[in-house]
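What follows is a single structure, written as structure tokens, with notes after it.
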């Protein structure tokens, strides 16, 4: 078998690969993430890479000819899933193809929490064995521990039992004991580590995993890390991954293993930076949507994707770390917060915890926008939730020039009455594509300037070269090709607009049905909390103007950022919050939109911009009527 | 590296081995057990094997020259630990060297037990999920289960959680659920296996492991198997193994693994014969002395061997089978019964259970003779125990021609007044050596015929060619060399007699001190129960006459056989018995002989035959006085 050397730019990473292997696979072995939404079947066209030495790769396939433009082919673009390595070569991965260096949202309006974790460490002095007190080590240990806590419920791990005789003797019968929830002994160590009690909070997102290393003595965050969710190589969206996982038990194990490895990686990184032994991390609190929750625990998530959408387990799960091969203290506990339903996961529970809406008498609406958008309405007395399949448009997917909120993404857009466009990018770099917040701005601004009408159709009568036909499709140019990092224009197509209309209609319809079920209307809302991966920013006015959010005074709309990780951290720090998570899971009512007879009608009415029924949008009703008259 | 082919006879097993490896090691890889008490250092001389093609092995070592007789060397005898393979060869393993085909004691006076095991299987029908009842699988499962049992304490294994979604769907939501102690769910299976509930009882002895496959529905024993304790290759006695285990963590793991493999082997065998899936075995109840208990659980037993002799854990241990890599249902429970003290193990608890002495108002003495002899005295109101280091003489070890109770062992001996000897062997084969019961008979008979005096010394004045000098030592011939299977005479030496005196003195002194502590004397005893590995037989009269057991009417002495496996089986079958085991462990008082000021004096007085104080042996007092006058 012949071997070729492949270097990836701009990473400068070089690997050796078998001749005949596709670039996409080679990149995986190099640890480089390349976008792909079609399992490498040459269909999605997202895995574009650039090669200089063309004859180092196999010939163009029919799929590539269909999916690459002539100018791209001339510039050496190839689809990484189609092009196979023949000789030593250098491959450049353009920014828009890359799955890395995502920005982390570490904002979030976190509630103050009294530090009172489930994990505690106590100092235990055991009487030294003598011929007249020759009790067994474990009974000696429990006897000493019983002077500090009620040991009736205490359960010692088999692993600790193996270590017990040596530990107590090496420490001269003077040990520090870590206990979880007064029930499980997690560690028995030399008595010199009483103040070293660490925990880890993780939010396992579909796209990225964020972790906080937390000092459980004072509640301080010691370090933060994030990593691409490595499952992305098996599909950007959850459904693709679940489908992949269903195919073979091996696949499900692989998806599980990828998450475990990623979590281990950020634990290792943060511990290294904070100079902390991973062995002194005694608990992890993890959250994620139901699919990630299942993948992380190695549970089959396929039935959450099939009607009637049943998850495997709803309640909080607590497992010894070594059962999941997570590299903290092997007897430590991995807690995964409870979920509410198949599409309202532990991350949503964490959202509710972090926003404090469960404790507040104020009537709040919480919208966590994603491929599935979770919606909560209510207050401390009663909370109602639902989930709607809004699609990934607001995460920058299924949009021609869409991208995640990474460096180079356009995040704010302004369109003037002369149709000139102003934009800002993340990191002030040359633009690469559009992230979710830009997509909202663009639809709102195009509607405001009459570039599209209330059905979302382009107005062919306006005079600007930005509105043009390309490959048989009408599109509006946001950035000309000379302005961009890729050398291609960034545009919005009719199909993109339609995609956004479907997304925002699903979300708005979900809100409407919850309001109806609760017998309230938007005027009664004290606030709207918006979470999601649009980017780091959202323009509340535009979100209302396109009919994504109900029409409330703009100062009531608060972008709360990544509340999931905040909620996870709060649960890590406090017994009481942990109990509250269980309560939320049990008490929050879940409404299955699929069974609601009004959903279809509500959804169709909400596909209009802002809505078929303008009375629901009084703040722009007169503008709409004036413009269309 | 050169390879040679080595065949073992009479097994006919052939393995390939590296040139330069000792026969002892090669035999291990062939799965053939060879006796060895010195770690293969060439010191014990027990590992004799025979080779025909002498130049296929390395040259005789100094150790071999010292330990083999000239006639053995001429016959091709070698020590397996010293002789290294040079070429292809055939090795014959003589019967006395072999560690296999031990007889199993399956007798035992077992109490009748009501079948009421901790493991139960219930039929659970789950409501089929619908859009209006889309509960999670686990909550759906618990909901259905709660109609049958109190589920508040129920804990489901992570492994089962992984299987849950598929199992309930493949079974059309109609499953059978196995639960342990109303607490732990062990299996969720298709509802066609409601009557298949099996358990396994094991006694892990220092020399052999005995297992019963038990039907937990009716309590029937379905199959029985026994296997050599494979740890024997690391020493025949416990102390040698503990010392080996202490040397390196790797060694301890190896000793653990050997037990696990052996247990798996007999599980596999019995299941095969009984045509039962090992997956349908849901619990194992194991007993063993404290060292075996520790080795089996992978716990460090070294501190049980060092003053003040503390074990790692006293109470009952329950572990999921897969944590110990035991091949029954992976979520099944391995229960190891509690111990009483460092030298009074779970096997002794099982003895007490099986003999029923804990339930009886009769005053009983239970003596389980072994290298460590456990002694219990008392009744249902109070039980007192101790352990004494009696040495392995009654197991046929540390005796020149001693051997375990296997085929070819002499088990009964009669010496006539003309000094002729009558004997019986196990399996009616030509004699190979002496097992424990023969050793008792021989001392008693020699004493009766005046061959030895009350100090154990040979009487040089008697006229018989059986009393002779050999290699500078006086010995009495039990079987002439032409009578034996080995071609060597079977004799008893002065050293052997001394060894037995020490052993019986330790046991008798232990009994005396327990009597004193309890304020009773032997006349008050209702019975003496004798357990141990003497063989399948013991002559009660002789046991009293040598001063091993207190002088009581012989019909009060009952040989109870292997009560440990019986006790394990009873505990497997009954919740109540299980509780009783815990009670025994907690309530039986343990007396540490090492701390008793009278022990040394009692011990010395008991080294005489039958005892220094003949008033303690009224039944033979007049005979003794008459003979010695």
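The values are calculated or read from the model by the stated rules, or taken from the named source; none is laboratory data. Predicted model only: the values in this text are computed from it and were never measured. Cβ atoms come from the backbone with ideal geometry, glycine included; neighbour counts cover every protein chain shown.
Checked against (1) in contact with a helix residue (DSSP H, G or I) (Cβ under 8 Å, 6 or more places away or on another chain); (2) farther than 19 Å from residue A:488 by Cβ, residue A:14 meets all criteria but (1).
All of (1) surrounded by 24 or more Cβ atoms within 10 Å (Cβ to Cβ); (2) farther than 15 Å from residue A:366 by Cβ hold for residue A:548 with one exception: (2). Annotation: of all residues in the range B:395-418 being outside any loop (DSSP other than H, G, I, E, B) and more than 15 Å from the chain's Cα centre (by Cα), the one that is nearest to residue B:43 (Cα to Cα) is B:402. Checked against (1) surrounded by 22 or more Cβ atoms within 10 Å (Cβ to Cβ); (2) away from chain B (no Cβ under 13 Å), residue A:265 meets all criteria but (1). At least 3 residues being under 30 Å from residue A:204 (Cβ atoms) is the threshold, and among the helices (runs of 4 or more DSSP H) wholly inside the range A:565-629 those reaching it are A:575-587.
Taken together, the residues in the range A:515-540 that are more than 30 Å from residue A:209 (Cα to Cα) and touching a residue at least 12 places away in the same chain (Cβ under 8 Å) amount to 10. Listed by position, the helices (runs of 4 or more DSSP H) enclosed by the range A:1-102 that each have at least 1 residues that are under 26 Å from the mean Cα position of the chain (by Cα) and surrounded by fewer than 16 Cβ atoms within 10 Å (Cβ to Cβ) are A:23-29. What number goes with the only condition from (1) closer than 15 Å to residue B:296 by Cα; (2) part of a strand (DSSP E or B); (3) without any contact (Cβ under 8 Å) to a residue 24 or more places away in the chain that residue B:254 does not pass? Every condition holds for residue B:254 apart from (2). Which ones in the range B:517-536 are out of contact with any strand residue (DSSP E or B) (no Cβ under 7 Å at 6 or more places or on another chain) and within 20 Å of residue B:589 (Cβ to Cβ)? Hits for the range B:517-536 are B:519, B:520, B:521, B:522, B:524. Looking across the range A:127-171, the residues that are within 11 Å of chain B (Cβ to nearest Cβ), under 16 Å from residue A:190 (Cα atoms) and in contact (Cβ under 8 Å) with a residue 40 or more places away in the chain come down to A:128, A:141, A:160, A:168.
Among the residues of the range B:432-468, how many are surrounded by 24 or more Cβ atoms within 10 Å (Cβ to Cβ), outside any strand (DSSP E or B) and without any contact (Cβ under 8 Å) to a residue 60 or more places away in the chain? Total meeting the criteria: 2. Sub-9 Å Cβ pairs linking a first residue in the range B:223-250 that is at positive phi to a second residue that is outside any helix (DSSP H, G or I), at least 6 apart or interchain, are B:235/B:36; B:235/B:37; B:235/B:38; B:235/B:39, ordered by first then second residue. Just to be sure before I move on: is residue B:330 within 26 Å of residue B:590 (Cβ to Cβ) and assigned to a loop (DSSP other than H, G, I, E, B) in the structure I sent? No; evaluated as a whole, the condition is false for this residue. Could you tell me whether any residue of the range B:287-309 is modelled with pLDDT under 95 and touching a strand residue (DSSP E or B) at 6+ places or on another chain (Cβ under 6 Å)? Taking every residue of the range B:287-309 in turn, at least one turns out to be modelled with pLDDT under 95 and touching a strand residue (DSSP E or B) at 6+ places or on another chain (Cβ under 6 Å).
Among the listed residues B:334, B:281, B:326, identify the single one that is over 18 Å from the mean Cα position of the chain (by Cα) and more than 14 Å from every other protein chain (Cβ to nearest Cβ).
Details: B:334 fails: more than 14 Å from every other protein chain (Cβ to nearest Cβ); B:326 fails: more than 14 Å from every other protein chain (Cβ to nearest Cβ).
From the options B:334, B:281, B:326, the qualifying one is B:281.
Here are some residues: A:319, A:339. Which one is in a strand (DSSP E or B), within 10 Å of another protein chain (Cβ to nearest Cβ) and touching a helix residue (DSSP H, G or I) at 6+ places or on another chain (Cβ under 6 Å)?
Details: A:339 fails: in a strand (DSSP E or B).
Answer to the check: A:319.
Out of A:565, A:577, A:557, A:538, report the one residue that is at pLDDT 95 or above and surrounded by 22 or more Cβ atoms within 10 Å (Cβ to Cβ). Can you show your working first?
On the way: A:565 fails: at pLDDT 95 or above; A:557 fails: at pLDDT 95 or above; A:538 fails: at pLDDT 95 or above.
On inspection, the qualifying residue turns out to be A:577.
Annotation for the range B:478-487: at least one member residue is assigned to a strand (DSSP E or B), touching a strand residue (DSSP E or B) at 6+ places or on another chain (Cβ under 6 Å) and either closer than 22 Å to residue B:430 by Cα or not assigned by TED's automatic domain parsing to the domain that holds residue B:543 (or both). With respect to residue A:198, determine if the residue is more than 18 Å from the chain's Cα centre (by Cα) and either buried (at least 24 other Cβ atoms within 10 Å of the Cβ) or in contact (Cβ under 8 Å) with a residue 12 or more places away in the chain (or both). So residue A:198 passes the test.
For residue A:275, the conditions (1) within 12 Å of chain B (Cβ to nearest Cβ); (2) modelled with pLDDT under 95; (3) farther than 17 Å from residue A:206 by Cβ are fulfilled apart from (1). Evaluated against (1) farther than 16 Å from residue B:124 by Cα; (2) touching a helix residue (DSSP H, G or I) at 6+ places or on another chain (Cβ under 9 Å), residue B:152 falls short on exactly one condition, (2).
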